[in-house]
Amino acid sequence: MTRPKVCFVLTDAVSYQMLCRGQFEYFRENSNFDITFISGGSKQDFDKLRERQVGKVLDAKLVRKPSVIKDIKALITLTSFFSANRFDLVVYSTPKALLLGSIATLITRHNNTIAIIRGRAYENFFGRKRKLYQLLDKLSLSTSKRVVFISESLKEAYLNEGLISPTKSYLLGSGSSNGVNTDKFQPRNLVHDQPFTVLIAGRICVDKGIYDFAEIITHIQNKNIIFKLVGPIEDFSSEALLSSLMSDNPSIIHIPYTDSIEDHFIEADLHLFLTHREGFGNVAIEAASCGIPTFAYDVIGVKDSVKEGVSGKKFSFKDTASIAEAIDKASIDPHFNQRYTLAREWAIENFDQEKVWNNYLSFYNSVLKESS
């Protein structure tokens, strides 16, 4: 029996590790796909991908930032490769891979294509700049046979803005692109005798809410609350702001890097998620899996990853005063964590990793069967 040839295209090889950890190993064990991975990226990230032994690998020299010369070269590489190699299914995702992959497959008449939308960098853009990005999205999606969104609110945004037809739009299960490892992210089983601790996990930059955090700090009344920020600083202005905040507030702690974020979740009482845009807030379901509630903005992508009253609480965008008030109340509420005892159950029911992986595998199999 001929093995279905499936090609995945992402902009950077690191994304196969960051966005799809474990997923392709699951495909290897539960399908007979002959998989090829295409992207740009560093030698180190390509080596890590090859070490996983989940498929063949091609460096097409894709780059994240706009570069006319590099993008044309990458498009030529993709088009040449797809001309010489026929696939039963091509799946592309992340902005540059989405654009160039959709063009290359159109030119080479690969008709069975799936675009996965993980979010949009232009969520908070306005005017002509936003319209340009919308036009590029519309172009890419118009040539794609099917489009999978990783959250319902993201899908609705594209539909409401007329960027996609409802007939080709899909949401698999409850959303998410890779689910949560509920064995790794477990509730704490240690005596919690430290002050009320708020965890902020992820990149530290404007879009992830560092300036919003600064506003919240000015409103906080309980000065015994510990704020722990875990993640790399993205830019100079964010670094300067955080440095200033830490010098004025000894209760603010910054940990630049960890490969065990679950250890920080189990030491926290609350997860604070101030991102301005997201395709799906995976960090919020990781917190939920640990039994830790999340306070977050009610924005696209995030609203799907926080269940009001079950895994946390959602606030209007930029309403930092209300968030600070809620944190203050939580910090003196002896029953706070007991109010979110169903968080882990909700995370397991909707986003357990193998369930999410199986949603994608079943979808790919159904597409292949339909086109055979």
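No lab work stands behind these numbers, since they all come straight from the coordinates. Worth saying up front: this structure is predicted, and the values here are computed from it rather than measured. Note that we place each Cβ from the backbone using ideal geometry, even for glycine, and neighbour counts take in every protein chain shown.
The table that follows gives values for the structure above.
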read-out	value
Burial ordering of Asp352, Asp328, fewest other beta-carbon atoms within 10 Å first	Asp328, Asp352
Packing-based exposure ordering (other Cβ within 10 Å, fewest first) of Arg21, Arg146, Arg344	Arg21, Arg146, Arg344
Translational diffusion of the range 233-372, µm² s⁻¹ [Kirkwood Rh, Cα pairs; Stokes-Einstein; 4 °C; 1.567 mPa s]	76
Cα-based equivalent ellipsoid of the chain: semi-axis lengths in Å, sorted from largest, via gyration tensor	38, 22, 19
Helix-only CD estimate at 222 nm, as mean residue ellipticity for the chain, using -39500 (n - 2.57) per DSSP H run (n ≥ 4)	-12500 deg cm²/dmol
Under 5 Å, built H, 5+ apart or other chain: amide partners of Ile252	Phe227
Estimated distance in nm for a label pair at Asp47 and Asp319, the labels positioned 7 Å out from Cα along Cα-to-Cβ	5.0
Label-point separation, Thr143 to Ser83 (7 Å along Cα→Cβ), nm	1.4
Using alpha-carbon coordinates, inclination of helix 353-371 to the longest axis of the chain, degrees	20
Amide H partners (placed H, <5 Å) of Leu19, local residues excluded	none
Angle between the chain longest axis and helix 95-107 axis [Cα atoms, degrees, rounded to 10]	10
Degrees separating the helix 320-331 axis from the principal Cα axis of the chain, which is the longest one	60
Dimensions (Å) - the range 1-128, Cα atoms, principal axes, largest first	51, 30, 25
Spin-label pair Ile332/Ile253, simplified geometry with 7 Å Cα→Cβ offset, distance in nm	2.4
Relative contact order of the range 104-227, defined on C-alpha pairs under 8 angstrom at six or more residues apart (%)	20
FRET efficiency estimate (nearest 0.05) - Cβ-Cβ, Arg339 to Met246, R0 25 angstrom	0.25
Modelled FRET efficiency - R0 45 Å, Glu161 with Lys369, Cβ distances, 0.05 increments	0.90
Likely footprinting exposure, His271, His335, His110, fewest C-beta neighbours within 10 Å first	His335, His110, His271
